Amino acid sequence: MPELELNKTEGAQSASSRWQHLNQWLSVHQSLWRPAPFLDPRPDWTSQYPALAADVEALSDAACDRFHHDPDQLAEWLTQFLPSLAERSPLVTLPMLADRQATLAITLPETRATDMPGRKREQAGAFAAAVQPLTNPVLDWCCGKGHLARTLVSHCPAPVIGLEWDAALVAGGNRLARHFNDKVTLQRQDVMAPDLTLPDGVHGVALHACGDLHRQLIQQVVEVGEPRVSVSPCCYHRTATANHRPLSKRVRENDDALALSRTELRLAVQETVTAPARVRAETARLRRWRLGFDGLQRVLRGVDNYLPVPSHPAWLANEDFETFCRWAADSKGLTLPAGTDFHDWQAFGEQRLARVHRHELVRHLFRRPLELWLVLDYVLFLEERGYQVTLGTFCDRELTPRNILVDAVRACGSQSVPHSHP
Ligand SMILES: C[S@@+](CC[C@H](N)C(=O)[O-])C[C@H]1O[C@@H](n2cnc3c(N)ncnc32)[C@H](O)[C@@H]1O
């Protein structure tokens with residue numbers, strides 16, 4: 001692979017070459033990230049890289065936990081088996097766009113942050129700091145209760161409008177804005193409505209609008225030729241199409257571009273660093289049960305394939321493994337034989353989960369590169385349409401792993417070009 005040129009500012013060339021490198025690197029390593037360890041007890045890569053698989057599977061729980069929180073260290077350790085993993089770190093490094101002092105100064109004080117969960121208050125503050133200075137009227141896309149809008153408004157040249165389809169959030173957000181005398185108005189609006197056109201001259205901002213929602217903003221902005229758009233994307237897999245559809249011509253017209261299913265897109269956001277311990281424990285228990293049932297159903301059916309079981313009803317989380325198996329078998333029309341040793345299958349599920357965790361460590365090395373590969377498509381699309389794009393992070397991943405910011409300013413003299421949506 002040609003050497004990376006990441007020291008350049010993010011110009012057209014560098015976004016394009018970075019995408020190219022990521023595309024190649026992800027393609028070369030696809031056997032490591034495409035198969036989901038939860039569904040496949042022995043992914044092909046375990047025979048392709050037997051020494052790597054053996055050492056990863058032998059990791060202690062403590063080492064597993066450490067590497068889970070430090071993928072850079074894991075990649076470094078694994079370069080002894082696979083030297084090309086050394087390229088991961090430079091490929092995913094991004095500049096921090098929010099100055100810490102500015103973040104502290106802009107974040108709403110708790111006394112003004114009614115109904116704002118602590119993390120959201122800090123995320124909104126960091127996002128607001130990263131997009132300073134604001135020189136256009138701001139439109140907050142999928143604004144929820146308007147936390148970002150209320151954080152931004154005192155730094156804006158004009159009142160802030162927020163669009164949100166949930167009537168309760170709109171009413172609650174408008175109440176808060178009135179109470180705190182913020183010049184913020186939230187409007188009830190489905191942002192996917194085909195007849196929605198943005199007013200001229202606005203700066204569109206979106207903090208964690210999912211998949212199609214943030215893509216819609218980016219497309220609307222370039223359609224109208226708005227002066228600026230700042231997006232922190234999330235949930236790339238929330239899309240109406242079964243497969244990923246790139247926005248940029250550069251990616252759409254590249255025959256070597258990775259093709260991704262909606263399920264594979266999920267990998268880019270599979271991260272639970274911010275989930276509370278109670279939620280993580282419950283998730284792990286249910287994963288153990290599902291894997292225990294998976295072993296049992298393979299023997300029962302005599303078919304060595306994963307059998308998807310529907311989402312469990314909430315009450316089941318407080319029951320035991322046997323009840324889970326009976327519910328799962330029932331939902332798939334299977335009969336559990338009398339004398340099924342649930343204790344044994346539960347232990348099997350525990351062992352499987354331990355191995356899944358270790359295999360997932362390897363797979364998860366690729367989620368940030370995959371996320372960046374997706375985001376670079378947005379950057380390329382905006383550049384193709386005459387925008388200058390800054391790409392970076394607005395906060396640490398401990399505050400939110402969805403910490404990428406795409407900040408695009410329409411270059412002077414560029415015209416909005418009518419575009420047929422891909
Ligand atoms: C993850 S939340 C982010 C909210 C806000 N930006 C924040 O960071 O607090 C996504 C928001 O998008 C809203 N939403 C989802 N689909 C929408 C649509 N079609 N039109 C408008 N809002 C939508 C949801 O109701 C939700 O409030």
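The values are calculated or read from the model by the stated rules, or taken from the named source; none is laboratory data. Predicted model only: the values in this text are computed from it and were never measured. Neighbour counts are summed over all protein chains in view; Cβ atoms, including those assigned to glycine, are modelled from backbone coordinates with ideal geometry.
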**Fill in**
Over the range 127-140, the set of residues more than 19 Å from Arg100 (Cα to Cα) and buried (at least 23 other Cβ atoms within 10 Å of the Cβ) is Val138, Leu139, Asp140
**Message:** Looking only at residues that are surrounded by fewer than 16 Cβ atoms within 10 Å (Cβ to Cβ) and over 27 Å from Val202 (Cβ atoms) in the range 221-251, which one is nearest to the ligand (Cβ to nearest atom)?
**Reply:** Thr241
**Residue check for His214: within 17 Å of Leu391 (Cα to Cα), within 16 Å of the ligand (Cβ to nearest atom) and either within 16 Å of the chain's Cα centre (by Cα) or among the small types (Gly, Ala, Ser) (or both)** = yes
**Message:** Is it the case, given these coordinates, that Cys143 is buried (at least 19 other Cβ atoms within 10 Å of the Cβ) and closer than 26 Å to Asn403 by Cβ?
**Reply:** yes
**Request:** Output yes when any residue across the range 130-145 is among the acidic types (Asp, Glu) and either touching a helix residue (DSSP H, G or I) at 6+ places or on another chain (Cβ under 7 Å) or modelled with pLDDT under 95 (or both), and no when none is.
**Result:** yes
**Request:** Those residues that are in a helix (DSSP H, G or I) and not hydrophobic (A, V, I, L, M, F, W, C), I need them from the range 138-169; list them, please.
**Result:** His147, Arg150, Thr151, Ser154, His155
**Complete:** Pro71 fails exactly one of (1) at pLDDT below 95; (2) closer than 30 Å to Trp165 by Cα; (3) away from the ligand (no atom under 16 Å from the Cβ), namely (2)
**Asked** Which ones in the range 273-318 are loosely packed, with under 12 Cβ neighbours inside 10 Å, under 24 Å from the mean Cα position of the chain (by Cα) and either farther than 26 Å from His237 by Cα or among the β-branched types (Val, Ile, Thr) (or both)?
**Response** Val279
**Message:** Among the numbered criteria (1) surrounded by 18 or more Cβ atoms within 10 Å (Cβ to Cβ); (2) assigned by TED's automatic domain parsing to the domain that holds Ala347, which one does Leu260 miss?
**Reply:** (2)
**Item:** Residue list for the range 180-194, restricted to those being farther than 14 Å from Leu148 by Cβ and either within 26 Å of the chain's Cα centre (by Cα) or within 13 Å of the ligand (Cβ to nearest atom) (or both)
**Value:** Gln187, Arg188, Gln189, Asp190, Val191, Met192, Ala193, Pro194
**Prompt:** From the set of residues in the range 131-158 that are in contact with a Ser or Thr (Cβ under 8 Å, 6 or more places away or on another chain) and within 16 Å of the ligand (Cβ to nearest atom), which is farthest from Ala105 (Cα to Cα)?
**Reply:** Val131
**Message:** Let me confirm something: among Glu87, Glu122, which residue is assigned to a helix (DSSP H, G or I), outside the structural domain of Val205 (by TED's automatic domain parsing), out of contact with any strand residue (DSSP E or B) (no Cβ under 7 Å at 6 or more places or on another chain) and surrounded by 16 or more Cβ atoms within 10 Å (Cβ to Cβ)?
**Reply:** Glu87
**Asked** Do we have any residue at all in the range 388-397 that's farther than 30 Å from Leu104 by Cα and in contact (Cβ under 8 Å) with a residue 12 or more places away in the chain?
**Response** no
**Asked** Which residues, taken from the range 195-209, are without any contact (Cβ under 8 Å) to a residue 40 or more places away in the chain and either within 11 Å of the ligand (Cβ to nearest atom) or small (Gly, Ala, Ser) (or both)?
**Response** Leu196
**Item:** Filter result for Arg397 (assigned by TED's automatic domain parsing to the domain that holds Arg266, more than 23 Å from Arg285 (Cα to Cα), crowded, with 18+ Cβ neighbours inside 10 Å and basic (Lys, Arg))
**Value:** no
**Complete:** Over the range 159-183, the set of residues loosely packed, with under 15 Cβ neighbours inside 10 Å and within 18 Å of Ile106 (Cβ to Cβ) is Pro159, Asn181, Lys183
**Prompt:** Hey, among Thr111, Thr135, which residue is in a helix (DSSP H, G or I) and out of contact with any Phe, Trp or Tyr (no Cβ under 6 Å at 6 or more places or on another chain)?
**Reply:** Thr111
